[in-house]
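Step one of this worksheet: look at the structure below.
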Amino acid sequence: MMKMAWYEYRRFSRDLSVHQLTFPQSHTLVVIYENDVKCTMGHLADETNQVSATMTGIIDRLVERGLVERWRYPDDRRKVLVRLTDLGCAKLEAVLKARRRQFASVLGRLDEPTRDRLAFSLRQYMEILEAI
């Protein structure tokens, strides 16, 4: 599993470089997308397993590139929220589309029964991880 994860990480990092993104930046964009307008800096740091200072740097770079924007929560001006810009949504979609193509090219080399067993096994593995 570790070797597979390492190969995928390396491959994904190479693919991200085409989009001028790092893995932490990409992961951050996904978390922002999944949390829509309720994405605080603290939540981002927790979900991406980054310390607050590191998350601030990641967000600073994404803001500079026009991929995300910061805004103040209307009911509590102390809260800083982050959301994707239209450019950020387009960038994330391009990354995810490329990722889906890559998975399809790898999984397409397996016959259907093998793919089905793999999908079943991975679902079970994820259910166990989520339960512990």
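All of the numbers you see were taken from the coordinates with simple rules; none came from a lab. Every value quoted in this text rests on a predicted model; they were computed, and no experiment measured them. Note that we place each Cβ from the backbone using ideal geometry, even for glycine, and neighbour counts take in every protein chain shown.
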To make sure I understand the rule: partners must be aspartates and glutamates, Cα under 13 Å from the Cα of residue 97, and not fewer than 8 residues away in the same chain. Which ones qualify? 15
Any chance you could give the angle, 0 to 90 degrees and rounded to 10, that helix 52-64 forms with the longest Cα principal axis of the chain? 90
Compute, for the chain, the length of the dipole vector about the Cα centre, with Cβ point charges of +1 (Lys, Arg) and -1 (Asp, Glu) only. Units Debye, rounded to 20. 400
Tilt relative to the chain, helix 2-18 - C-alpha long axis, 0 to 90 degrees, to 10: 50
The chain - mean residue ellipticity at 222 nm from DSSP helices (-39,500 (n - 2.57) per run, n ≥ 4, rounded to 500): -23000 deg cm²/dmol
Quick one, which of [x] 124; [y] 97; [z] 138 is the actual volume of the Cα convex hull per residue in Å³ calculated for this model? [z]
